[in-house]
Amino acid sequence: MIESGILHIIIPVLLVVCALLVAIFKDLIAAAITLAVFSLLLALEFYLLQAPDVAIAEAGVGAAITVAIYILAIRATKRT
Amino acid sequence: MRKTAIVVSLIIFAALLVVTAFLIHPFGDPPSDMDDYIIANTQRETGANNAVTAVVFDYRGYDTLGEATILFTAVTGVVMLFRRRKRA
Amino acid sequence: MMMSKIVRTMTHLLVPLTFIYSVYLIMHGHLTPGGGFQGGGVFASAVALLIVAFGSQNIHKSLKEHHLSILESSGALIFIGLAFGGLAAVFFYNFLTGSSIFGRIPPTGSNPGDIWTGGVIPLMNFAVGLKVIAGLSAILLTMALATSLKEVEE
């Protein structure tokens, strides 16, 4: 279980890094894609915490649908 | 002055969050007896192997009804906002 | 507007697998992790892939919003009807357990699982799955159509 212990440290650190990158990026498309990476890491963390139901919901809705809706909304804006 | 106030309030907030994180009960040790009842009786009472689905659709059916209402309202709002008008 | 041929070929390969996986998640929701909401989300992500790859105008030729709204309302009505079906005891009572439809009782403890169990839960999974599929697909399709029309105007 030592690998699981290491992963429980690595994945939250990567989550915080991804969240900071979402706030830092000026390009909206890059920020949306970083949000998808955030959702996938969060799904992996849920799976490691033995909640596969929430992991499937997070990977399907959080990583695919939300980012698709964000990108559709960004497409309607003007890029300067 | 304003910046120091912001930093100090953020530090206090973070300290409160850390204290709360140490006060949460340990992982895998739930504080109530309801989950023991559900784990012991789900398969006999509802006949479903997946206890999570049994809780969502049987023991806590009202919550799922509220979730369905939320989804219905969201879809209604989005379709009403973004529908295509005939004159365009 | 369509994307390149590579993206369209990969979409042709991936979309049937995703549809099968989502139907598996919905239909085995009472045995394995998953359920109506998760399966509907996976299905709608496949619809998002289709919209991105083939363009919303082409998808709109075969997938109309009012069909999706009919599907969503029928899912909600099935769900409410099943909830009212147990009204003889209490609202949301599992009245099919022990009957001849989805009525087998599995042994307590770890067992391989039997799909003909669960009482009213598989039917509610089906209803919620129908509702989530139609709802999220309608949201994606309407937003994609609105933004693509704005592109045409400019």
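The values are calculated or read from the model by the stated rules, or taken from the named source; none is laboratory data. Note that this is a predicted model, so its numbers are computed, not measured. With ideal geometry, Cβ positions are generated from the backbone for all residues, glycine too; neighbour counts draw on all protein chains shown. These accessible areas exclude ligands, DNA and RNA; they are computed on the full protein's heavy atoms, side chains included. Shrake-Rupley method; radii C 1.70, N 1.55, O 1.52, S 1.80 Å.
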* Out of curiosity, is C:ALA127 over 30 Å from C:MET2 (Cβ atoms), open to solvent by less than 50 Å² (accessible area, probe 1.4 Å) and either at pLDDT 90 or above or facing chain B (nearest Cβ under 7 Å) (or both)? -> yes
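Do we have B:TYR59 as open to solvent by 90 Å² or more (accessible area, probe 1.4 Å) and within 14 Å of chain C (Cβ to nearest Cβ) here?
Numbers: open to solvent by 90 Å² or more (accessible area, probe 1.4 Å): no; within 14 Å of chain C (Cβ to nearest Cβ): yes.
In short, no.
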* **Among residues of segment C:47-105, those that are closer than 19 Å to B:THR42 by Cβ and basic (Lys, Arg), counted** => 1
* Structure fact -> Within segment B:38-54, of all residues that are under 21 Å from the mean Cα position of the chain (by Cα) and open to solvent by 40 Å² or more (accessible area, probe 1.4 Å), the one modelled with the highest pLDDT is B:VAL52
* Asked: Restricting to helices (runs of 4 or more DSSP H) lying wholly in segment C:1-103: which have 2 or more residues that are surrounded by fewer than 16 Cβ atoms within 10 Å (Cβ to Cβ)?
  -> C:5-27, C:56-60, C:65-85
* Asked: Within segment A:5-23, is even one residue more than 9 Å from every other protein chain (Cβ to nearest Cβ), open to solvent by less than 30 Å² (accessible area, probe 1.4 Å), closer than 28 Å to C:LEU141 by Cα and touching a helix residue (DSSP H, G or I) at 6+ places or on another chain (Cβ under 8 Å)?
  -> no
* Structure fact -> Condition set within 7 Å of chain B (Cβ to nearest Cβ) and not hydroxyl-bearing (Ser, Thr, Tyr), scope segment C:112-124, selection most open to solvent (accessible area, probe 1.4 Å): answer is C:GLY113
